[in-house]
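One structure is given below, encoded as structure tokens.
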Amino acid sequence: MTTTPSDVDVVLPCLDEAEALPWVLSRIPAGWRALVVDNGSTDGSADLARTLGATVVHEPRRGFGAACHAGLTAATAEVVCFCDCDASLDPGLLIPFVRELQAGQADLVLGRRRPQARGAWPAHARAGNLALARMLRRRTGLRLHDLGPLRAARREPLLALDLTDRRSGYPLQMVVRAADAGWRITEHDVPYLPRTGASKVTGTWRGTWQAVRDMSRVLGEAPTAGRAVR
């Protein structure tokens, strides 16, 4: 199934990613719209993104979840994708994700990161992700391997999940609430490259475990019901 310009918006949360932006935006599939959500950059990321043809959304409140949700609310396409803006993931990999959604085979499609080089995924970040995947399995029964940022879903059902986390727990809350609502969630391997620039979240043990704490709070939420996909 093909896509048209109005079919897909790609949300790209951005904090000082001027070095990575040219590569990332050059990989956006033809006809899709890039929504770069500037989260307080001081390196000219917003102006550069605009020059490169992206739509820029400003979100002054710091936080990965705040940036992602600002992009989601600004999106207008039927399908919304999410991708990091640090050149660690190729947004072109989202094409089969979108096709799976459009074919009615899934409601949320996630990318399972597969490191392509030494240092692409530091040991502390991988350990934190593994711990969360195990906690997620106990909470929802989902046998996922990764809670990575590359993902796709339909906009209206995503908004209906009423996501509230505005920190590092946002991606996990999306999965947990989707599982509670009975969504079909699939996972596919994607190559994971060394990021450009310093990580804002998982670049250190301290940052990683702060993210784990954020996400652990999400896992402590009472199960929700009534958030239908359609």
Check LEU52 against each of (1) closer than 25 Å to PRO191 by Cβ; (2) in contact with a helix residue (DSSP H, G or I) (Cβ under 9 Å, 6 or more places away or on another chain); (3) surrounded by 18 or more Cβ atoms within 10 Å (Cβ to Cβ) and name the one condition it does not meet. (3)
Taking the range 141-154 and keeping residues touching a helix residue (DSSP H, G or I) at 6+ places or on another chain (Cβ under 7 Å) and either outside any strand (DSSP E or B) or free of Cβ contacts under 8 Å to residues at least 24 places away in the same chain (or both) leaves LEU142, ARG143, LEU144, HIS145, ASP146, LEU147, PRO149, LEU150
For the range 60-74, indicate whether the set of residues that are hydroxyl-bearing (Ser, Thr, Tyr), surrounded by fewer than 17 Cβ atoms within 10 Å (Cβ to Cβ), within 18 Å of the chain's Cα centre (by Cα) and at pLDDT 95 or above is non-empty. yes
crowded, with 16+ Cβ neighbours inside 10 Å and at pLDDT 75 or above - does that describe any residue in the range 200-218? yes
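So if I check each of LEU89, LEU25, LEU101, LEU35, which one is within 12 Å of the chain's Cα centre (by Cα) and within 19 Å of ARG151 (Cα to Cα)?
Details: LEU25 fails: within 12 Å of the chain's Cα centre (by Cα); LEU101 fails: within 12 Å of the chain's Cα centre (by Cα); LEU35 fails: within 12 Å of the chain's Cα centre (by Cα).
Exactly one of LEU89, LEU25, LEU101, LEU35 is within 12 Å of the chain's Cα centre (by Cα) and within 19 Å of ARG151 (Cα to Cα), namely LEU89.
The values are calculated or read from the model by the stated rules, or taken from the named source; none is laboratory data. Owing to the predicted nature of the structure, the values given are computational and were not obtained by experimental measurement. Using ideal geometry, Cβ is built from the backbone for each residue, glycine included, and neighbour counts are taken over all protein chains shown.
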